[in-house]
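A.B. asks: Below is the structure I would like to discuss, written out as structure tokens.
The values are calculated or read from the model by the stated rules, or taken from the named source; none is laboratory data. Everything numeric here is computed off the predicted structure, so don't read it as measured data. Don't worry about glycine lacking a Cβ; one is built from the backbone with ideal geometry, like all the others, and counts go over all protein chains shown. Only protein heavy atoms, including side chains, enter the accessible area calculation; ligands, DNA and RNA are left aside. Shrake-Rupley method; radii C 1.70, N 1.55, O 1.52, S 1.80 Å.
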Amino acid sequence: MSAQRVVIGVDSSTQSTKALAVDIDTGAVVGEGRAAHTVSEGVGRESDPEQWWRALGEAMAATGWADRAAACSIAGQQHGLVTLDAAGRPVRPALLWNDVRSAPQAAGLAAAFGAAELARRTGSVPAAAFTAAKWAWLRANEPAAVDRVAAVRLPHDFLTERLTGEPVTDRGDASGTGWWGPDGYDQDVLDRIGLDYGLLPRVLPPGARAGVVRAGMPLREGALVATGTGDNMAAALGLGLTPGRPVLSLGTSGTVYAVGRTRPADPSGTVAGFADALGGWLPLACTLNCTLAVDRFAALVGRDREDVEAGGTVVVLPYLDGERTPDLPGASGLVHGLRHDTTPGQLLQAAYDGAAHALLAALDGVLRAGGESPAPDEPLLLIGGGARGGAWQRTVLRLSGRAVQVPEAREPVALGAAAQAAALLTGEPADAVARRWGTAGGRVLDPVPRDDDTLERITSTLRRARALQEVSPEER
């Protein structure tokens, strides 16, 4: 009888590292591990990359397969700026995707090139989240730190390089930097932000091997390591997505995306024109405020997160960390239409509605940006930490008017990384591995009539409130 073949897929996210040991042949999860991260509070959002490294070792060890896994792959939170010195140690904490201090630099980059030209070059109009804006912010605010930088990496690149010694990345995660396009790194953008091309990793082709695990690492020496990718690209792999199938992810951030057949280039900046981890595209819209913002409102009104009530006309714009969609980096939370008879449960439901609104409003644009025709009868795949919450499910059903499918498989990002690792051994495309594993299967919730009145009430409030919300992050 042949020995069981197992790979490990890793999701290094904002809040924690999750690792799954997965049987290559069946897709069965045979071991799991998790270790928490900490994120700074205040105006900035930063994390020490060394804690990601420690968490990686703890999570891999907890799977029970670190000494036996045949291969691994690491998916990580997008956009984060990791700066390393000549010894490969972090110069300073990483600037995370939800750090909006770089909004002026993003605006300056768009003004220098023009939004349409940047969308043509890189697929996206950079917001504060993008790595290019963060590097420009660092140069403007911490020149002494910049002088010590010998390498610039994304979070998943940093961890992959620690394991293998190889300075590499993939096209999916690179597409979220603001300095990469289909022809490679954009020298004009790099020159504009003052970033030396030589500080960047090589971009490997889809399906390539990053290297093998070195001695003394938290995984057995000689195990194969795939390129890895960004978390959204990995989730698309983990679900085995085919073109046009929409996904709504409810986590610290909210995202809506679909695999596209054509390269997106949205000059409005609403849809980011990311590459996927294979050879296609992943048009995506993202909000900064999702499950954590709603949970904060639940705490403020003293309610359990599921204790919502229908009715009322109150509107909540839960932009507690500024916002990316709509592009209001200096925004704050806003409550409008509060009445004597408004209940705490109605206020909490309005926070859910406000968090879901921008994502669902961008859904058709995401599909069109990838060359797909929106199909209202196509079930919306609901994933992320909020996907199994009844209040989230009912909110998405009511505001989308679509059927909603909730996959039984948990941790699609780690599963996508595991599929990348398995593909090194089987020769299959990673998304085909995931489809063979049946990762997207799950119950389908029947559609309900779309609540157009609530959607219009939120849209109208946002339109009238923009003057209050359009402030710089420094004025917050």
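A.B. asks: Calculate how many DSSP beta bridges within region 1-76 are antiparallel, expressed in % of all such bridges and rounded to the nearest 5.
C.D. replies: Rounded to the nearest five, the antiparallel share is 70 percent.
A.B. asks: Per the 1.4 Å probe, what fraction of the accessible area of region 184-283, in percent, lies on carbon and sulfur atoms?
C.D. replies: Taking all protein chains in place, region 184-283 shows 47 percent carbon and sulfur surface.
A.B. asks: Of all the accessible heavy-atom surface of region 18-175, with the other protein chains kept in place and a 1.4 Å probe, what percent is carbon and sulfur?
C.D. replies: 49
A.B. asks: Still on this model: At 222 nm, what helix-only mean residue ellipticity would the chain give, in deg cm²/dmol to the nearest 500, using -39500 (n - 2.57) for each DSSP H run of four or more?
C.D. replies: Computed ellipticity for the chain at 222 nm equals -10500 deg cm²/dmol.
A.B. asks: Considering only protein heavy atoms and a 1.4 Å probe, what is the carbon-and-sulfur percentage of the accessible area of region 343-382? Each step should come with its number before you reach the end.
C.D. replies: Numbers: 620 of 1210 Å².
In region 343-382, the share of accessible area belonging to carbon and sulfur is 51 percent.
A.B. asks: Using amide H atoms built 1.01 Å from N in the peptide plane, name the residues 5+ places from Asp327, or on other chains, whose amide H lies under 5 Å from its own.
C.D. replies: none
A.B. asks: Which value, in debye to the nearest 20, describes the size of the charge dipole of region 356-444 about its Cα centre when Lys and Arg Cβ atoms bear +1, Asp and Glu Cβ atoms bear -1, and nothing else is charged? Can you show the working numbers first?
C.D. replies: Working: 9 positive and 8 negative charges, 69 e Å.
Dipole size: approximately 340 debye.
A.B. asks: What does the accessible area per residue of the chain come to in Å², with a 1.4 Å probe and no ligands, DNA or RNA counted?
C.D. replies: 37
A.B. asks: At a probe size of 1.4 Å, how large is the accessible area of Glu50, to the nearest 10 Å²?
C.D. replies: Here the accessible area works out near 30 Å².
A.B. asks: Compare the Cα positions of Gly222, Gly269, Ser332 along the charge dipole of the chain (+1 at Cβ of Lys, Arg; -1 at Cβ of Asp, Glu; about the Cα centre) and return the one farthest towards the positive end.
C.D. replies: Farthest towards the positive pole: Gly222.
A.B. asks: Which of the DSSP-defined H helices in the chain satisfy a minimum axial length of 24 Å, computed from C-alpha atoms, and a minimum mean Kyte-Doolittle hydropathy of 0.0?
C.D. replies: 344-361
A.B. asks: Right, another one. Can you tell me how region 177-272 classifies by the Cα gyration tensor, rounded, prolate or oblate, using a/c under 1.5 as the rounded cut? List each step's numbers first, then the result.
C.D. replies: Details: a/c = 2.06, a/b = 1.16, b/c = 1.78.
The shape class here is oblate.
A.B. asks: Sticking with this structure for a sec: Given charges of +1 on the Cβ of Lys and Arg and -1 on the Cβ of Asp and Glu, with all other atoms neutral, how large is the dipole of the chain about its Cα centre, in debye to the nearest 20?
C.D. replies: Working: 45 positive and 55 negative charges, 53 e Å.
Computed charge dipole of the chain: roughly 260 debye.
A.B. asks: Okay, next question. Report, by chain and number, residues whose modeled amide H sits under 5 Å from the one on Ala210, excluding near sequence neighbours (fewer than 5 apart, same chain).
C.D. replies: Val225, Ala226, Thr227
A.B. asks: So how much slack lies between Arg220 and Ala86, counting 0.36 nm per residue of separation and subtracting their Cα-Cα distance, in nm?
C.D. replies: Contour length minus Cα-Cα distance gives 45.6 nm.
A.B. asks: Select from region 185-247 those trypsin sites (Lys or Arg not before Pro) which occupy a DSSP coil region and have at most 11 other Cβ atoms within 10 Å, ordered by residue number. Display every interim value, and only then the final one.
C.D. replies: Values: sites: Arg192, Arg202, Arg209, Arg214, Arg220; in loops: Arg214, Arg220.
Sparse-neighbourhood loop trypsin sites (Lys or Arg not before Pro): none present.
A.B. asks: Taking +1 at the Cβ of each Lys and Arg and -1 at the Cβ of each Asp and Glu, which of Leu278, Gly238, Pro205 sits farthest along the dipole of region 183-281 towards its positive end, judged by Cα position relative to the Cα centre?
C.D. replies: Gly238
A.B. asks: Sticking with this structure for a sec: What is the distance in Å between the Cα centroid of region 167-228 and that of region 417-431?
C.D. replies: 18
A.B. asks: May I pose another question? Could you tell me which residue out of Ala66, Thr313, Val91 lies farthest along the dipole of the chain toward its positive end? Charges go on the beta carbon: Lys and Arg +1, Asp and Glu -1, centred on the Cα centre.
C.D. replies: Comparing the listed Cα positions along the dipole, Ala66 ranks first.
A.B. asks: R0 = 45 Å: FRET efficiency of Tyr185 with Glu58, Cβ-based, nearest 0.05?
C.D. replies: Details: r = 34 Å, r/R0 = 0.76.
With a Förster radius of 45 Å, E is 0.85.
A.B. asks: Compute the Cα gyration tensor for the chain, then decide on rounded, prolate or oblate, letting a ≥ b ≥ c be the square roots of its eigenvalues: rounded whenever a/c is under 1.5, prolate when a/b is larger than b/c in the other cases, and oblate in all that remain.
C.D. replies: Numbers: a/c = 1.62, a/b = 1.23, b/c = 1.32.
Oblate.
A.B. asks: Rounded to the nearest 20 debye, what is the charge dipole size of region 161-294 about its Cα centre when +1 sits on each Lys and Arg Cβ and -1 on each Asp and Glu Cβ?
C.D. replies: Numbers: 10 positive and 13 negative charges, 89 e Å.
The calculation lands at about 420 debye.
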